[in-house]
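In what follows, a single structure is set out as structure tokens and then discussed.
Each value in this text was obtained by applying a stated rule to the coordinates, not by laboratory testing. Since the structure is predicted, the reported quantities are computational estimates derived from the model, not experimental observations. Cβ sites come from the backbone with ideal geometry, for glycine too, and all protein chains shown count toward neighbours.
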């Protein structure tokens, strides 16, 4: 059968894949929740959910660089990646030899489509439908409005989540108005952050591991802003971890 990924690339599978490599942590967790753990043969070093997966599967590298010899030894019949998280040159090299399906997720609608399509290409539609039904129930309407916010993903330099990102979409569902109007993940200065005067400053747990000491530093710099550490996975993971996102958003502040 022919399948179309989210970059409009065509992937042919003669039968449901039996040896899958996942290059994306959130999609690794999704594959497990779809009941495919026994067919998952390779994951990245960042695939931390479920917590045992890195001990039971071959580590093929990170999300940007891969051990091609390990991938070759696994003889995958499907590799699943993502446009943003995986390096294009590496994906192109893999696609010369293997069937590679790529997601491109910037909105909740994109995430729902991704889950639906992975269900189809792995022949797990019934399990995918269960996840999608729960998401449909959870994401009926955004959380009550909380106020303006800036979401930090990195420190020194300060990098923030702007428009055209999945995090921006989740900020909306969490009830925040994102003050960063630039696309993607721009760098900003502390001075500009002060000028923006957000009501809330959210310090993500990933990719930069913000800690309480960073909260204290930003509170001193922005005394009129409420500063809080937040679970980055629940703002940026677009697989089955979304099942925990809305209940988490409702507990914030």
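Of note:
- Two-site label geometry, residue 215 and residue 8: point separation in nm, points 7 Å out along Cα→Cβ: 4.6 nm
- Over the stretch 95-159, the ratio between the Cα radius of gyration and 2.2 N^0.38 Å evaluates to 1.58.
- Pairwise Cα distances in the stretch 110-253 exceed 20 Å for 48 percent of all pairs.
- Degrees separating the helix 108-121 axis from the principal Cα axis of the chain, which is the longest one: 10 degrees
- In the chain, the longest principal axis of the Cα atoms and the axis of helix 212-221 are about 40 degrees apart.
- Counting only Cα atoms, the size of the chain along its three principal axes is 59, 38, 33 Å, in decreasing order.
- Space enclosed by the convex hull of the alpha-carbon atoms of the stretch 2-138, per residue, Å³: 101 Å³
- Counting only alpha carbon atoms, the long axis of helix 125-138 and the longest principal axis of the chain meet at about 10°.
- Exposure proxy order (Cβ contacts within 10 Å, fewest to most) of 237, 154: 154, 237
- Residue exposure sequence - 158, 79 - by fewest surrounding Cβ within 10 Å: 158, 79
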